[in-house]
1. In Å², what does the accessible area per residue of the range 409-566 work out to with a 1.4 Å probe?
2. What net charge is computed for the residues neighbouring V458, neighbours being all others with C-beta under 12 Å from the C-beta of V458, Lys and Arg scored +1, Asp and Glu -1?
3. Taking amide H positions as placed in the peptide plane 1.01 Å from N, state which residues far from H464 in sequence (5 or more) or on other chains have amide H under 5 Å from it.
4. Towards the positive end of the charge dipole of the range 347-408, with charges on Cβ (+1 Lys, Arg; -1 Asp, Glu), say which of C361, F383, G372 has the farthest Cα.
5. Work out from phi, with θ = phi - 60° and the Karplus expression 6.51 cos²θ - 1.76 cosθ + 1.60, the ³J(HN,Hα) of each residue of the range 348-353, listed in order in whole Hz, and give x for Gly and Pro.
6. Kindly report the accessible area of the range 156-212 per residue (heavy atoms of protein chains, probe 1.4 Å, no ligands, DNA or RNA), in Å².
7. Please grab the % of Cα pairs in the range 132-278 that end up more than 25 Å from each other.
8. Considering only protein heavy atoms and a probe of 1.4 Å, how much of the accessible area of the range 350-473 is carbon and sulfur, as a whole percent?
Amino acid sequence: MSEDEKQLDQSEQKDDTTVPIGVTAATEEPNRNIDPCKVLIQPINKFWNSKAMSKQLSKWNVSNIKKLTKVPGQATAYLTFETSKQAAQCIATLSQSAPSITCELAAEHSIVKKRVAEDEEGSRTTNSEGQAKRPKVSTCLADQVTPWWNLEYSEQLSRKHQLLTNTLLGLKDHCRKEMKGDWPQWLQSIPRKSPLCEVLHVVPSPVVNGYRNKCEFTIANDSSGKPQVGFLSGSFRDGLVDTQSPDECPNVSNEAKVICKAVTSAIRESPLSCYDKNNHTGFWRLLTVRQNQLREVMVTMQIRDADSSPHQESEINRLKDVLLNLGKEEAVPFTVTSVLLQIHNGVSNAADSDAVPTVLCGPGTLTEQLVGFRFRISPLAFFQVNTPCAELLYQTVVEEARKVQDGEQPSQSVLLDVCCGTGTIGICASKFFDRVIGVEMIAQAVQDARDNAAANSVSNCEFHCGKAEDVLRMSSGLLPSSGKCVAVVDPPRSGLHQNVVRALRSCEAISVIVYVACSPKSIGPNLAGFCRDASKKYHGAAFKPSHAIGVDLFPHTEQCEMILVL
């Protein structure tokens, strides 16, 4: 989300300025508030700060900038000019000096809209009844949750390809900085403006709208003070936050929207209030909706029961009955198969790990099918939120891993699955390898992986619980001494611990690493550890990036999964 920006005076008389090719004038888009003096440019290097951005703009011959706003951590910047003519000149200049950059007139930012609403309110702080008023938050929720919702999908894929290329450019610079001049020969030979390796393509999602199989909805008051189940919207920094319905969010499924609407109506009739983060009071906190491709839905209600009330049990049962009666009358029917209750009395948003949901009715799990295998999903288990695209992700990972076999006999092929979770990647790859060895720190996930393998009659998978570096060091003979072994790593957003990187480098049997990065920009330290020359800390041969593939698990957003082959 970009920084707060001052409202611009749009009453300025329009001058007779020719709009460059590829730029749409505000009058041509009546449904979009275009600011004729503000220019949006993207994708740019995410790692640039405002100073680096300003230096680059000078190289691109862009001048007369009144204000530069580089969005932190994103590949986006806003340039504000005194006149619309200067903004148009900027677009024309960048089309020549930086043809790979998308440059267009920007829509009024949501923060600007919020401040307009505040100005309209003036100094009034009470309503007609003399009660304290909540500040208005006038924002488009879809712009916050799915900021690319108004782009053609082909354009989204093109931008993500460029974003990944820019990320690999930044990662190259990060590796050089980490290695402090002691660069491998192949890294020295990469031109300054070239990325670490090529992004071959971005795999599109088979489903673009309503793809999320899991959504966590806040239960809180909206701008009018009424209970609402949905997403938080507004500015946390300014304290202007309310909860809005997810109806306009294209990534949320119809099933989840129906459930949100029904639960909102039920809670508005409840004598129990929503949780208030400011004074830590209230009962209803969170609603988690998970579903599979068979349209079976599992709903978890999160509550705070620190304040005893005689209505708690009856209200929970009433809401459970509301949920169980949903879906039958919909155009595309669905069934709520499980309802669970989670108690969280803490202050933070995230519940403690020991706050295990209690099953009120139903099996308390879902079963999903991926690449011909069935997987059990428990309430707190991780599972990719876009199931159809997750199949393509795992198929692509397996295809890249299989290339390493290079004619090896099946008895010699081994897949090491690090951070294996519930075993999805390893089980999906099991038919192509003689052995699959999974390593995971979370004991419950390891048990789920073993259960999933047994449920699918997969006998060549073994799963070990513990730190990867400890499992590899203590399990003598775990990996073959000959033949080829490929390691697949699918770590959390923070990446691998450097001890795991060192342990993988020390395994002589590992010839290739397939790195699945859900946050590509955060893998810099891991990449430097894999690629630097051997030293006292890093034993074994160094790896070299071969190529990358993007997988679009999150349409309408700038997020993109990246598979990096080393």
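1. 38 Å²
2. +2
3. Result for H464 returns G438, V439, E440.
4. C361
5. Per-residue couplings from phi come out as 5, 5, 7, 6, 5, 5 Hz.
6. Here the residues of the range 156-212 average 50 Å² of exposed surface.
7. Numbers: 5583 of 10731 pairs.
Result for the distance tail: 52 percent.
8. Percent of accessible area from carbon and sulfur atoms in the range 350-473: 49.
The values are calculated or read from the model by the stated rules, or taken from the named source; none is laboratory data. All values derive from a computational prediction rather than experimental measurement. Glycine gets a Cβ as well: all are built from the backbone with ideal geometry, and neighbour counts include every protein chain shown. In case anyone asks, the SASA skips ligands and DNA or RNA and just uses the protein heavy atoms, side chains included. Shrake-Rupley method; radii C 1.70, N 1.55, O 1.52, S 1.80 Å.
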